[in-house]
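This report refers to the structure that appears directly beneath it.
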Amino acid sequence: MINSASMILSELANEYNAPKNKLLALEKKGIYHKIVKGLYESENDVSPLLLAGAVYGPSYVSFETALSFWGMIPEKVFAVTSATTGKNRTKRFESGFGTFLYRDVSQEAFPFEIYIKSIDGRNFLISGREKALCDILYREKPLHSVKRLKEFFFENLRIEESDFTALDFTVIQDLCPLYKSTNVKLLAAFAEERK
């Protein structure tokens, strides 16, 4: 379970004169595991997907991490990349639980197509397949043509054509105007061809 340092210290202050020292001792014993400054987890083998939303937010897991979760790309991702909005910069946090990256996406698109998924009875927020692709394209330099878009999907990201064909193209077209992105417009045009 995720706990803030202030919450733990408040509880420890009821029993100990030096709650900070006690927290350090509990950390050494493996009772608490530091995620990032001010945030602890009581289990040591938790999926970083469950922690990403607490590290920095509001956010949801997206980009290549979501594509990997949904089985759309063959590579395992080594950082959990999440979408935020209104931050105007990329944030990176290193932790014993892994690397957490946060990238801005369109504020208008941010609240849509986010799902609650569970691992070991604990929930986290993750974008759908279609939105993960839109988030990636929003942050990618302009591709300028459907040909380059296909190369990006099928060669760079190594998405299988059958997985791409299985996407809900209506969702992509609904999301497109929310991004105001040339790349996402290209995707919507490509999706229209595939209908």
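Numerical summary
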quantity: Flag for residue 132 being in contact (Cβ under 8 Å) with a residue 40 or more places away in the chain and either under 14 Å from residue 66 (Cβ atoms) or in contact with a helix residue (DSSP H, G or I) (Cβ under 7 Å, 6 or more places away or on another chain) (or both); calculated: yes
quantity: Region 99-110 residues that are acidic (Asp, Glu), paired with ones that are assigned to a strand (DSSP E or B) and open to solvent by less than 30 Å² (accessible area, probe 1.4 Å) (beta carbon under 9 Å, 6 or more apart); calculated: 104/83; 104/84
quantity: Criterion violated by residue 11 - all others in (1) in a helix (DSSP H, G or I); (2) in contact with a helix residue (DSSP H, G or I) (Cβ under 7 Å, 6 or more places away or on another chain); (3) open to solvent by 40 Å² or more (accessible area, probe 1.4 Å) satisfied; calculated: (2)
quantity: Positions within region 63-113 being open to solvent by less than 30 Å² (accessible area, probe 1.4 Å) and part of a helix (DSSP H, G or I), in sequence order; calculated: 63, 65, 66, 67
quantity: Flag for residue 186 being free of Cβ contacts under 8 Å to residues at least 60 places away in the same chain and either in contact with a Gly (Cβ under 8 Å, 6 or more places away or on another chain) or not charged (D, E, K, R) (or both); calculated: yes
quantity: Qualifying residues in region 27-59 (those that are touching a strand residue (DSSP E or B) at 6+ places or on another chain (Cβ under 9 Å) and part of a helix (DSSP H, G or I)) - the one surrounded by the fewest Cβ atoms within 10 Å (Cβ to Cβ); calculated: 27
quantity: Some residue of region 160-182 being open to solvent by less than 20 Å² (accessible area, probe 1.4 Å) and among the hydroxyl-bearing types (Ser, Thr, Tyr); calculated: yes
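The values are calculated or read from the model by the stated rules, or taken from the named source; none is laboratory data. The structure displayed is predicted, hence computed values, not measured ones. Please note: Cβ atoms are built from the backbone with ideal geometry, for glycine as well, and neighbour counts cover all protein chains shown. Note: accessible area is taken over every heavy atom of the protein model, side chains too, but ligands, DNA and RNA are not part of it. Shrake-Rupley method; radii C 1.70, N 1.55, O 1.52, S 1.80 Å.
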